[in-house]
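Below is one structure; the comments refer to it alone.
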Amino acid sequence: MDNKQANATTRQGQPLAPMRERLTQYMEEKAMRKTPERYEILRVAMLTNGIFTIDGLMKSMQEHGEFQVSRATLFNTMELFCKAGILIKHQLATAAHYEIRSDCTPKAYVICRQCNTITKVSTGTAKLALTNLHVRYFSIEDKLLYMHGLCRYCQAKNRQDARKKKKSIKQDKNKYGKR
Ligand SMILES: [Zn+2]
């Protein structure tokens, strides 16, 4: 590891070194090859702001990566990172979204049913409820809460669309009313 990498932190301020260590440990345990590509993918994944998709990571690799890797490699590496406990995978109806698993504190998300965006939210009450939640005979590793609904952009868009529709109905009424 060169100095640049050792001291690197992500945009969110997460240090890279502990994540690299976790990856190394996992690959050693599983007798996997510690390829430089895997470390580079980790570095670039940690540059992404919060939640990302394979497509988004592919783009980041093209922009910031020292290697160019295939989609299949990225996909397989994400699976590896999930198993190593480095990533949280959000299994959504559209495409899988990933997020660096920086800690094990409860997390809450809102998912828009119209544009499918997923956003992390900080709601104290939701987190408190999750903190106190335990399941017998089950060792919980991540507490994730998903709330589905409409984001503010889609709400605004729908209001605008409704207004347009109302206006065009009114115009139609005027047009036909004059006959
Ligand atoms: Zn939306």
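The values are calculated or read from the model by the stated rules, or taken from the named source; none is laboratory data. The shown structure was predicted, so the numbers you read here are calculated from the model rather than taken from an experiment. Neighbour counts are summed over all protein chains in view; Cβ atoms, including those assigned to glycine, are modelled from backbone coordinates with ideal geometry.
When C151, C82 are checked against the criterion of being surrounded by 15 or more Cβ atoms within 10 Å (Cβ to Cβ) and within 16 Å of the ligand (Cβ to nearest atom), C151 stands alone in meeting it.
Total residues in the stretch 120-148 satisfying the condition of being closer than 15 Å to P106 by Cβ and more than 16 Å from the ligand (Cβ to nearest atom): the figure is 20.
With the condition kept exactly as written, say whether any residue in the stretch 140-149 is out of contact with any Lys or Arg (no Cβ under 8 Å at 6 or more places or on another chain) and farther than 22 Å from T53 by Cβ.
Yes, the stretch 140-149 contains a residue that is out of contact with any Lys or Arg (no Cβ under 8 Å at 6 or more places or on another chain) and farther than 22 Å from T53 by Cβ.
Among the residues of the stretch 113-153, those that are in contact with a Phe, Trp or Tyr (Cβ under 8 Å, 6 or more places away or on another chain) and not hydroxyl-bearing (S, T, Y) comprise C115, I118, K120, V121, L144, L145, M147. Go over the candidates A95, A156 one by one and state the one that is within 16 Å of the ligand (Cβ to nearest atom), under 26 Å from L74 (Cα atoms) and surrounded by 10 or more Cβ atoms within 10 Å (Cβ to Cβ). Result of the check over A95, A156: A95. Looking across G56, G13, one residue alone is of a type in the set (G, A, S), modelled with pLDDT under 90 and within 20 Å of the chain's Cα centre (by Cα). It is G13. Checking each residue in the stretch 98-119 for being within 16 Å of the ligand (Cβ to nearest atom), surrounded by 17 or more Cβ atoms within 10 Å (Cβ to Cβ) and not hydroxyl-bearing (S, T, Y) picks out V110, I111, C112, I118. Among the residues making up the stretch 121-141, those that are surrounded by 12 or more Cβ atoms within 10 Å (Cβ to Cβ) and modelled with pLDDT of 85 or more are V121, L130.
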